[in-house]
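One structure is given below, encoded as structure tokens.
The values are calculated or read from the model by the stated rules, or taken from the named source; none is laboratory data. These numbers come from a predicted model, not from an experiment. Ideal geometry is used to build each Cβ from the backbone, glycine not excepted, and the neighbour counts take in all protein chains shown.
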Amino acid sequence: MRLTLTRKRQVAAGICSFELVDPQGRALPAFTAGAHIDVNAGPGLVRQYSLCNSPSDRHRYVIGVLRDANSRGGSVALHGLEEGAEIEVGEPRNHFALSEAGHSLLIAGGIGVTPLLCMAEQLAADGGSFELHYCSRSPDHAAFLDRLSEPDLASRTRLYHDSAPEDQRIDLARLLSAPAPDRHLYVCGPAGFIDLVLDRAREAGWAPSQLHREYFSAPVVETSGDQPFQIELASTGRRIEVAPGQSVIQALSVAGVDILTSCEQGVCGTCLTRVVAGEPDHRDAYLTDDEKAAGDVFLPCCSRSRSPVLVVDL
Ligand code: FES
């Protein structure tokens, strides 16, 4: 869809919200809390951004974007847009939906507040039991404070800042100490933040089915020990060499085999490919631990192979 940027607003230091509407005013495809859209920020710059407005808004999508000068350029390009610009986006998809729960514990780090804000408002509207814990670098870096201070959210929201004294920072051990079966945990933010929260939750006894996370980038992986391997196309038996430092997608492309990609960093799931034989070396942030252990699918934009040959359903 080509949508029009009707409103761009600074909502915190380095963070702008973007309101996108259909140029003819038509209703947009529906979404649920926690959904994201692919945004085409320029050639080779398709990025995923969570929708942070209410799913009952049928005529607009709102995203929050942190300008990250060290990223691959998507956020910088978006921050350079002016109101009235046209932006190409994909239909909403949701890998981070709310589950039925007696109580929902929402933990946000930085820009990870965007899907959790939408989920908190949805839970408040539905009369659900929840609490939102939002960590940011400083008060100036905390976004959407106007919405968070609405009565429905204010009493159930706690803000923390890295700049505050130690005893005012988030206490994960205390927060995660009661993993009752009807409690679900949702976490979003930088990869290191998500991993820390999930590690603490597992240590405290939370079951995998109670843990939900949304990454915007895959965790950094040590690549110095990468070995070459071969991809075998199950349909023809043809084998293609993948060199260290080369992704499976790149190797296949050189050989004339193209796979649809979007994020190219293991977070969106677009390139999901079935594995017929061999052992994938999963490096994505998309598959669950159970899916990774099953080993029957992998994400060739970032993942590799532990076995010398990986046979894929291509
Ligand atoms: Fe997004 Fe591979 S292209 S996970």
Hey, Pro190 at pLDDT below 95 and over 22 Å from Thr114 (Cβ atoms) or not: no
Under 8 Å by Cβ, and 6 or more places apart or on different chains, what pairs join a residue from the range 278-298 that is more than 19 Å from Arg213 (Cα to Cα) with one that is hydroxyl-bearing (Ser, Thr, Tyr) and surrounded by fewer than 19 Cβ atoms within 10 Å (Cβ to Cβ)? Gly278/Ser307; Glu279/Ser307
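Confirm whether Gly269 is more than 14 Å from the ligand (Cβ to nearest atom) and outside any strand (DSSP E or B).
Working: more than 14 Å from the ligand (Cβ to nearest atom): no; outside any strand (DSSP E or B): yes.
The answer is no for Gly269.
Look through the range 275-293, keep the residues that are away from the ligand (no atom under 16 Å from the Cβ) and modelled with pLDDT of 95 or more, and return whichever of them is farthest from Glu222 (Cα to Cα). Write out each step before concluding.
So the first thing to find is which residues in the range 275-293 are away from the ligand (no atom under 16 Å from the Cβ), and the list is 276-279, 289-290, 293.
Still in the list and also modelled with pLDDT of 95 or more: 276-279.
Details: Val276: 26, Ala277: 25, Gly278: 21, Glu279: 18 Å.
Selected residue: Val276.
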Taking the stated definitions as given, is Ala142 surrounded by 23 or more Cβ atoms within 10 Å (Cβ to Cβ), touching a strand residue (DSSP E or B) at 6+ places or on another chain (Cβ under 6 Å) and either without any contact (Cβ under 8 Å) to a residue 24 or more places away in the chain or of a type in the set (A, V, I, L, M, F, W, C) (or both)? no
Could you tell me whether Ala85 is surrounded by fewer than 16 Cβ atoms within 10 Å (Cβ to Cβ) and closer than 24 Å to Ala285 by Cβ? no
Among residues belonging to the range 295-314 that are over 24 Å from the mean Cα position of the chain (by Cα) and surrounded by 24 or more Cβ atoms within 10 Å (Cβ to Cβ), point out the one that is farthest from the ligand (Cβ to nearest atom). Leu310
Of all residues in the range 242-266 being without any contact (Cβ under 8 Å) to a residue 24 or more places away in the chain and in a helix (DSSP H, G or I), the one that is farthest from the ligand (Cβ to nearest atom): Val254
Is it the case that Arg9 is among the charged types (D, E, K, R) and in contact (Cβ under 8 Å) with a residue 24 or more places away in the chain? no
Hey, does the range 152-160 have a residue that's of a type in the set (Asp, Glu), part of a helix (DSSP H, G or I) and in contact with a helix residue (DSSP H, G or I) (Cβ under 9 Å, 6 or more places away or on another chain)? yes
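From the list Gly34, Gly64, Gly42, pick out the single residue that is assigned to a strand (DSSP E or B), in contact with a helix residue (DSSP H, G or I) (Cβ under 8 Å, 6 or more places away or on another chain) and not acidic (Asp, Glu).
Numbers: Gly34 fails: assigned to a strand (DSSP E or B); Gly42 fails: assigned to a strand (DSSP E or B).
Just a single option satisfies the conditions, and that option is Gly64.
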